[in-house]
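Have a look at the structure below before the remarks.
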Amino acid sequence: MSSQSEKIVIVGPGAMGCLFGALLGSAGHQVWMLDKNPDRARTINERGLVVERDGAVETVKVRATTNAREPGIARLVIVCVKAYDTETAARSAAPAVGNDTDVLSLQNGVGNVEAIVSVHGPGKTLGGTTAQGANVVEPASIRHAGGGETVIGQPDGGLERARIIAELLNSAAINAAVTDDLQALVWSKLAINAAINPLTAILGVKNGALPAIEPARAIMKNVTDEITAVRAHQGTRLLFDDPLAKALAVAEATAANVSSMLADVNNKRRTEVDQINGAVARQARALGLEAPINETLARMVAAIEKSYDARA
């Protein structure tokens with residue numbers, strides 16, 4: 001597959017959508033950005049995607065539309081919207097999904113794969129995580145904040161479809177691998193996001209500040225302990241034995257990053273906290289457990305969202 005140009009539709013031209021669109025477009029693939037914002041779609045069509053990396057700026061020409069029928073049937077649809085919009089996005093992209101189309105979630109939080117399965121079925125759904133980092137500078141213009149591995153898997157644990165799409169991503173210099181345990185992958189990423197993102201949003205700090213703040217480290221440990229307990233009760237696992245150490249290492253490795261949750265708070269937008277810490281609390285309750293720290297963090301960030309217009 002890597003030797004041929006494929007049609008790829010990316011739903012949601014935010015930071016990660018624009019990054020993957022630019023990387024895939026630069027590799028010669030036929031990239032379409034599906035956008036609910038007509039002004040941003042027009043900007044992309046007129047100017048392209050702008051990526052700043054290591055002080056250099058690159059513009060990549062791709063196409064954008066608000067009409068999912070316009071691109072035709074795609075080989076791959078990548079869903080990059082906020083987790084609370086996943087089902088709506090999956091339905092909006094339906095005209096681009098054919099018999100041989102794979103629909104891939106590279107989003108934060110849990111429940112995204114299940115939402116796509118509910119629309120397109122397990123045989124067309126892939127899930128994954130990415131350690132790529134990007135921040136929006138302005139609409140359709142991003143700063144590439146660092147590379148990292150992208151890992152994808154199938155809901156049924158198979159590898160055949162995942163390997164084909166990993167090869168496609170690798171054709172665009174996206175470091176992609178596969179897993180046969182998608183749930184462990186998603187929950188492992190969730191553990192890191194749950195430990196880092198809400199604290200950065202509440203404290204107003206970049207990722208790298210957290211390891212040096214002792215009370216923050218203590219809260220991060222509470223968060224990851226609760227997630228470990230939930231996974232143990234389910235008889236499932238995370239990909240690492242010490243999720244706190246992993247979260248601290250990720251915070252240090254992405255020290256200059258403004259987390260997506262902090263970016264949302266700074267721009268007075270809805271966050272994904274309910275699909276991250278809130279999801280941990282709900283899963284704990286369903287198992288007869290408690291996750292009071294995750295629940296409190298979810299409520300605190302939700303309270304910040306509700307107080308945007310009243311902030312001093």
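Brief remarks follow.
- Rounded to whole Å, sorted largest first: equivalent-ellipsoid semi-axes of region 182-270, Cα gyration tensor: 23, 14, 11
- Contact order, relative form, for region 192-255: 49 percent (alpha carbon pairs under 8 Å, 6 or more residues apart, mean separation divided by residue count).
- Radius ratio Rg over Rh of region 226-312, counting only Cα atoms, Kirkwood formula for Rh: 1.03
- Both radii come from the Cα set of region 102-166: Rg as radius of gyration, Rh as Kirkwood radius; their ratio Rg/Rh reads 1.04.
- Counting only alpha carbon atoms, the long axis of helix 160-170 and the longest principal axis of the chain meet at about 80°.
- Helix 182-203 and the longest principal axis of the C-alpha atoms of the chain enclose an angle of approximately 70°.
- Ranked by how many other Cβ atoms sit within 10 Å of their own Cβ, fewest first, the residues 75, 299, 311 fall in the order 311, 299, 75.
- Cross-link table 189/268; 82/189; 61/206; 82/124; 246/268; 189/306, entries beyond 23 Å C-alpha to C-alpha: 189/268; 61/206; 246/268; 189/306
- Once the gyration tensor of the Cα atoms in region 7-180 is diagonalised, the equivalent ellipsoid follows with semi-axes of 23, 18, 14 Å, ordered largest first.
- A simple packing score, the average count of other Cβ atoms within 10 Å per residue, orders the peptides 19-31, 113-125, 79-91 as 19-31, 79-91, 113-125, with the highest score first.
- Read-out Cα extents along the principal axes in Å, derived from the coordinates shown; its label in (1) 61, 54, 35; (2) 49, 45, 32; (3) 57, 44, 41: (2)
- A Förster radius of 30 Å, combined with the Cβ-Cβ distance separating residue 118 from residue 203, puts the computed FRET efficiency at roughly 0.25.
- Radius ratio Rg over Rh of region 1-40, counting only Cα atoms, Kirkwood formula for Rh: 1.01
- Between residue 42 and residue 69, full extension at 0.36 nm per residue minus the direct alpha carbon distance yields a gain of 8.0 nm.
- Tilt relative to the chain, helix 15-26 - C-alpha long axis, 0 to 90 degrees, to 10: 30 degrees
We did not get these values from a lab; they are worked out from the coordinates using the rules stated. All values derive from a computational prediction rather than experimental measurement. Virtual Cβ from ideal backbone geometry, glycine too; neighbours counted across all protein chains shown.
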